[in-house]
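As structure tokens, the structure follows; a few thoughts come after it.
Rule-based calculations on the coordinates, nothing more; no lab input. Remember, it's a predicted structure, so these values are computed and weren't measured experimentally. Using ideal geometry, Cβ is built from the backbone for each residue, glycine included, and neighbour counts are taken over all protein chains shown.
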Amino acid sequence: MIVVTALVVVAGAAGGLLLTRGGHPTASAHGKMIDWDSVPHLQTGPPPWPSESNYLAQRLQPSGLDALSMEGTVLHHHEHLDLFVSGHPVTVPAFVGIGTGFLTELHTHDPSGIIHVESPVRRSFTLGQFFCEWGVKLNASCLGRYRGELAWWVNGRRMHGNPALLPLRQHQEIVIAAGRPPTTVPASYDFPPGL
């Protein structure tokens, strides 16, 4: 019985390590799947997609994010997101996750593509939660209004499956392409000092 329990623990730890190093994320491993039918005011037009802070409070419940009065400091890291539609870059706007008088644990300050993860508690966050608060549908076959299999990479490594389930980790370079991918896929990002 002890040997079986030890094997289960080791297998679970190895699976977790594989997932954080670019394996195939799954809903059971990284929290809830976004119910896109419950997300109000999804953006259905072509990019650019604005931050739409007017709808942010309504998107909190389906995103699983909290409204904070100030940035959390217990968990604090940053990722970079590059989006492409038919080979053309799409701007990730400033102020995603920032509403009147509050911000969420996942937000942007500027249009650089840097996602700030700043929470008062240690917990896992996914890329889908960020897209949910932004109001841009994301799954294995959808980016906003664009349907068809997406191509996506983390730190230059080609990934498969649903990018919305990707757990966010410090200094990831995340690239998602709908349609023709970019000629060159960024494998890293030069974060400013202090990030």
> So what's the gap between the Cα centers of the range 119-195 and the range 77-101, to the nearest angstrom?
Replying inline: 10 Å
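If R0 is 35 Å, what FRET efficiency do you get for MET70 and ASP35 from their C-beta distance, rounded to 0.05? Can you show the working numbers first?
Working: r = 29 Å, r/R0 = 0.83.
For MET70 and ASP35, the calculated efficiency is 0.75.
Taking the mean number of other Cβ atoms within 10 Å as a proxy for protection, how do you rank 68-75, 103-110, 118-125 from highest to lowest?
Answer by packing, highest mean first, reads 103-110, 118-125, 68-75.
Could you calculate the FRET efficiency of GLN61 with THR183 from 1/(1 + (r/R0)^6), where r is the beta carbon distance between them and R0 is 41 Å, rounded to 0.05? Let's see the in-between values first.
On the way: r = 40 Å, r/R0 = 0.97.
Efficiency at R0 = 41 Å is approximately 0.55.
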> With Rg and the Kirkwood Rh both taken from Cα atoms, where does Rg over Rh land for the range 118-195?
Replying inline: 0.98
> Per 10 Å bin, what percent of the C-alpha pairs of the range 155-195 does each bin hold, from zero upward?
Replying inline: 23, 53, 22, 2
